[in-house]
Amino acid sequence: MSMVMPATVEERDAERNRRGSKETLIWNMHLYCREICFILLLIITAYASLHNAPPKVSKSPSPIPFFPRTSLVADFYRGQLSQAFERVSECDVSFVMYYAPWDAESQATRMQFKIVAQYYYKQVYFAAINCWQPHSECRQKFSRIQQFPVLIVYIQHNKGVQYKGIREAAHMIRFLQYVLRPLERITSLSDVMTLMSVYDAVVVGCFNFAGSIGSPGYYSFYAAALKFLERDPHREVGFAVVTSMKTCAELWIDWSPTLRIYMWNETLQYPHQAEFTSDVLVQWISANTHQVSAWVTPPGVKSLTLAPYVDRGSVLILFTPRNPLQDKNYNYNMLREVGLEYYNCNINPWVSNLASHLANERAEMKKKYSEIEAECVFWKEHNRSEQDIHPIHLDGELWMNESCHSRHVRRKLCSACERHSAQLCGEPEGDARMDENDSNKCKKEEIVSSSNHMDFGPFTKLQHEYYVCSKHSHSVSRLQTSMLTGMGDERSSAALQEAALLDRCRRFRRARHIHHPVFPHPAYHRKSPRNFTGLACHTNKTLSLIAMDSLQFHHFAEGLGVDVMARHDKTAVVIFNVVQESSYTLNAEFNKGAVLEFIKNYTDGVLNRLLRSSSILPRGALNHYPKQDVEDCQRQGVLCVTELNSNSFHRTVMAQNVAVVLLYHSPYCTFCHIISHIYLTVARYFRAVQHIIFTRIDGENNDLPWEFTMHHYPTILFFPAHRKSESHVFPRHYPLTVSNLVKFVLANLDPEERCFWGMVGLCAGWGKQQNVDAARDCIARVRRECLTAIASTLKQYRSTKMRWHVLKVSSSLNSSQLHFYRTATHKQLKCIVCRLQHLKEVHLILGSIDRLQEDSIEYIAIQEIYKKYQNSVKKLDFYTEVAVTRVRDSVPHVTSTKDEL
């Protein structure tokens, strides 16, 4: 029995006080900890807010000039937009380049822009503005520029026109030519036909200029012609103006202003009630203009430029050089002429006349080219004999771009000459002074002599002025006359004719540096094939006709399988159909007759499909794999997989004595690169097998016949030896691993092949990399395959002997036939016995070893046995074929086949 003493009241109160103080302490500690955590949270938040302040960025480096100081381009490299536009507003025409100094395109365009400035410095003001400089005026004003450089032409009292063409000097020169002269003048009906031979379509505006105020609507038409250059920088749609109402009446126009579009098959007139503004006119012209053929100029980035032509069906593409400094292109005019005949369904007289006019133009084109060449050579030689120029040296600072016209440059020349000769500005040495008449005569001689000078550079005329003025400073005639001779007038008819000839010769010389025109021999002109006129309306294989500059876009031709740059005239014709994934090329020499026959043969379906091959592409072509020398790889001890193309495919894959493993890959396929090491590993394992080769082909850049075309990459095909029609594809539902690929190769071999070269070579290929047990297991598997091959060969032996006994008792064969067949069968049985002997020898050799290596005596012996085995197989096939042929020839009703015999 336990004894428990009861607690007193004092003890219970003490215990209660102890518990209360302990709970109070715990509560106080909880409050303190919460306050401490709150303070720490505040400190961390403040620290994080201080460190989340904008990072400190170092100041951008000081801008430096993008163009040299001696250039004819005014470089506002600090982004001074207001200062640049101040100068632009003073000039009639200005060409401004907005650039970023770090941009590669801007750097590439810089030299081309300088060349254009040297060509047009007298008529156009050239400026360049750094629109990337931080905090500059240009950066703040044009902060949304997506791509550099931006090229814009500014015309006084008009909006700027952006240049969106090819950024090369020749193309920009042609663009400025159309800016300076956006309209052609028409004085007769024949001028329309002449312009139609130059442009694909012509927009004609008829305006009444009776009076000094001008014609209503003319300014809108002029602005529309300039604005349309943004959409058509190469000016394929021409703009012409008629200033005489009499000429308008000849065109059956009795209202002013009137706007018409003359196209190859129809003429459209702008509605009189519609709004006559530049923006509305540009939209109407763009929506209603169509061409029988067109130049296509892809912008160099992802675009849908080719989509309207390719999606429509088949398209004929003419790749030919396009010289922008030549008004007419012989090859393209031939394409237009072919297109007019091809689409002339109703034998329209207007279309026929236009085609005849183009033919006559082409016939005279070579003659006119020779005349211009002779005229320019004579002009150059004539002026060279009169020149005796002593060049002067000018300080580079004086040629900074502070002017937009040559008068500013001449003003600078005067200040420069003060240091070289005081006579140029009318101040001879010493106290000698020229009177006013001498000074005027000096100025006249400057202008007249300079107008006769062959000006091919920016400084030649100024240097000549210096020479003439200093030459005549002491011996000047004092004869005066009030007769207006026209001398010294730069706008006189003679001076304007000489200036036009000078400009034509300058363009001719520069055009020859780009590409010489090609004129086919007159003998190549042939008549159109029968029923070709209007062929587009009588077939469902209608072609769209386009042309591309082979100098700029030759990679498109290479993508279609044509190395156009390797041809002597850099011209090729290709028909492409994206739906059928087929292309056809003109192999004959380019001329009208060949093109007509090419189109007719395509319509009739007698052309052979072009198979693109990577072997014809140049070295620097996109996605072009270099050719590998397998023998060189073997000498270096490196495994190389042969790269096939369309030309070498049949020669390699269809070889009867080898089995081929072929990998289809694509340079755009990532998984092809992932599994490449698996493919190379299996190829290395089978490297000891001489009758199995591993190859690959780029299915993206090599076209194959449809039965060998693959639509999925990677794809592995196995072509067995002697049975190429029994090719197999690696199953897609199996993972592509080393073991699965090895099993796939072995499974597609015959039992004898699997024993002789498949597994034997595989065991030898592993060599010392296997352990003892794995090597012994590999040998055991090969022996089992040999036993299987022996069993199938014995079955074949018994089947052959049984058929011979059946035919022996048959009454369908006479004694001579029976004797022949018995002899052939005996030889077959003998070959089968030889095969059994070879299989037995291999089986015995493998039973005496535990490991097989490439350099071992046993492996070499097996290879020799295999060669004898191959001879036995060839003899057996030969005798069997002979027996089958003799039996069928002797007994027509016997239908024995090779397999039955």
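When the Cα gyration tensor is reduced to axis lengths a ≥ b ≥ c, the ratio a/c is 1.5 or higher for the range 74-172, and with a/b not above b/c it is classed as oblate.
Where a ≥ b ≥ c are the square roots of the eigenvalues of the C-alpha gyration tensor, would you call the range 249-391 rounded, which needs a/c under 1.5, or, failing that, prolate if a/b is larger than b/c, or oblate? Taking the square roots of the gyration eigenvalues as a ≥ b ≥ c, the range 249-391 is prolate. Full extension of the chain between Val198 and Lys830 gives 219.2 nm of extra length, using 0.36 nm per residue less the Cα-Cα distance.
In terms of overall dimensions, the range 692-740 has a Cα radius of gyration and Dmax of 11.9, 31 angstrom. Label positions at Gln269 and Asn608, each projected 7 Å from the Cα along the C-beta direction, are separated by 5.6 nm. Applying a DSSP loop filter and a limit of 14 other Cβ atoms within 10 Å to the chymotrypsin sites (Phe, Trp or Tyr not before Pro) in the range 205-253 leaves Trp252.
With 0.36 nm allotted per residue and the present C-alpha distance subtracted, the Leu189-Asp103 stretch has 26.0 nm of extension available. Listed by Cβ neighbour count within 10 Å, with the fewest neighbours leading, Cys640, Cys505, Cys37 appear as Cys37, Cys640, Cys505. Checking every one of the trypsin sites (Lys or Arg not before Pro) in the range 181-237 against DSSP loop status and a limit of 16 other Cβ atoms within 10 Å picks out Arg231. Here's the picture: a label point sits 7 Å out from the Cα of Gln552 along the beta-carbon direction, and within the range 171-187 the residues with their amide nitrogen under 18 Å of it are 171-179.
A Förster radius of 45 Å combined with the Cβ-Cβ distance from Ser352 to Ala287 puts the calculated FRET efficiency at roughly 0.95.
Run through the range 230-266 and list the GluC sites (Glu not before Pro) located in a DSSP loop whose Cβ has at most 12 other Cβ atoms within 10 Å. Those satisfying the criteria are Glu266.
Once you compute Rg and the Kirkwood Rh from C-alpha atoms, what is the Rg to Rh ratio for the range 630-748? Expressed as Rg/Rh, it is 0.92.
So if R0 is 35 Å, what FRET efficiency would Lys724 and Val301 give, r being the distance between their Cβ atoms, rounded to the nearest 0.05? With a Förster radius of 35 Å, E is 0.20. The distance between label points at Asn28 and Thr681 comes to 7.2 nm (points 7 Å beyond Cα on the Cα→Cβ vector).
Exposure proxy check: Met334, Met802 ranked by fewest other beta carbons within 10 Å? Mind dumping the intermediate values first?
Numbers: Met334 21, Met802 9.
Neighbour counts put them in this order, fewest first: Met802, Met334.
Taking label positions 7 Å along the Cα-Cβ direction at both His711 and Met245, the computed distance is 6.8 nm, reported to one decimal. Here Ser582 and Arg784 are evaluated by their C-beta separation; at R0 = 45 Å the FRET efficiency comes out at 0.35.
The numbers here are math on the coordinates, done by the rules we state, and not lab data. None of these values were measured; they are calculated from a predicted model. For neighbour counting, all protein chains shown are included, and Cβ atoms are generated from backbone atoms with ideal geometry for every residue, glycine included.
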